[in-house]
1. Compute the long axis of helix 81-91 from its Cα atoms, compare it with the longest principal axis of the Cα atoms of the chain, and write down the angle in degrees, 0 to 90, nearest 10.
2. Quick one, which of [x] 17.8, 57; [y] 17.1, 52; [z] 19.9, 63 is the actual Rg and Dmax of the Cα atoms in Å calculated for this model?
3. Per DSSP H run of n ≥ 4, the term is -39500 (n - 2.57); total these for the chain, divide by its residue number, and report the mean residue ellipticity at 222 nm rounded to 500 deg cm²/dmol.
4. Rounded, prolate or oblate: which fits segment 46-118 when a ≥ b ≥ c are the square roots of the eigenvalues of the alpha-carbon gyration tensor, with rounded for a/c under 1.5 and prolate only if a/b beats b/c?
5. Go through 99-107, 118-126 and give me the packing order, highest mean Cβ count within 10 Å leading.
6. Please turn the phi angles of segment 29-46 into ³J(HN,Hα) values with the Karplus equation 6.51 cos²θ - 1.76 cosθ + 1.60 (θ = phi - 60°), one per residue in order, whole Hz, x for glycine and proline.
7. From the square roots a ≥ b ≥ c of the eigenvalues of the alpha-carbon gyration tensor of segment 103-241, which class results: rounded (a/c under 1.5), prolate (a/b over b/c), or oblate?
8. Could you give the angle, 0 to 90 degrees to the nearest 10, between helix 189-206's Cα long axis and the longest principal axis of the Cα atoms of the chain?
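Where a number appears in this text, it was derived from the coordinates with a stated rule and is not lab data. Being a predicted model, the structure only gives us computed values, none of them experimental. Positions of Cβ are backbone-derived with ideal geometry, glycine not excepted, and every protein chain shown enters the neighbour counts.
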Amino acid sequence: MTRPGGGTAAVRVRDLSFTWPGRSRFTLRIDQFDVARGERLLLLGPSGSGKSTLLSLICGIAAPDEGSIEVLDQDLAAMSGPARDRFRAEHFGVVFQMFNLLPYASAIDNVMLALSFAPSRRDRAGAERPVRAEAQRLLLALGLEDAEATQGLAASLSVGQQQRVAVARALIGAPELMVADEPTSALDQDTQDAFLGLLFDQLQSVGSALIMVSHDERLAPRFDRVVRLADFAEVSREAAA
């Protein structure tokens, strides 16, 4: 898969409506939402406000009922589910709130897992050095010592170390868009500051856009732009019939 075209927007959402099915119907509506290529965006909102739902839609995990979501000039709503999965693997770096590491795989193997279904991204990761060496380079750049990076199982690492593995997995192969769901929620202030410094250094080196979801307004000064979901989205809940 080739890298998408060079438009100015990394994400463009228009006239979106999405309802989670189930006993309690949750509907998210957005008229317009944009993220520029290379932009560092902080998306704020309390728990249950729809932040994670929006990330799921942007990542193509869920599809809108109405409207369009263009990511890197590609309309996700026009893609099949498998096509969205392939697109996400090639062009997204995702940091989950719970990290989603394989506990009995090594740190390096967890990082390389991001390339398993993304041949073009794997080629990018191996452009300057072997892929395994690139995985190790990212882990070291994010603060994991060599022994931890090469030998440590994910299950044996601290929360902070697991977080760094998750970020290295998201960064490998220079995806154009990084999406992070509350990645600093388990860290104290000092560790959070150090982690964000490392993350932004690595993002700068690859030129990726970042959408980070949080409820912590103290993070705002580090970002190019800060938006609150309630300022551009409408959320409604109603009991299903």
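1. Taking Cα atoms only, the helix is inclined about 50 degrees.
2. [x]
3. Using -39500 (n - 2.57) per qualifying helix, the result is -10000 deg cm²/dmol.
4. Values: a/c = 2.89, a/b = 1.43, b/c = 2.02.
Verdict is oblate for segment 46-118.
5. Values: 99-107: 16.6, 118-126: 18.4.
Top of the packing list down: 118-126, 99-107.
6. 10, 9, 6, 7, 7, 9, 10, 7, 4, x, 6, 9, 10, 9, 9, 9, x, x
7. Values: a/c = 1.72, a/b = 1.59, b/c = 1.08.
The shape class here is prolate.
8. In the chain, helix 189-206 runs at an angle near 90 degrees to the longest axis.
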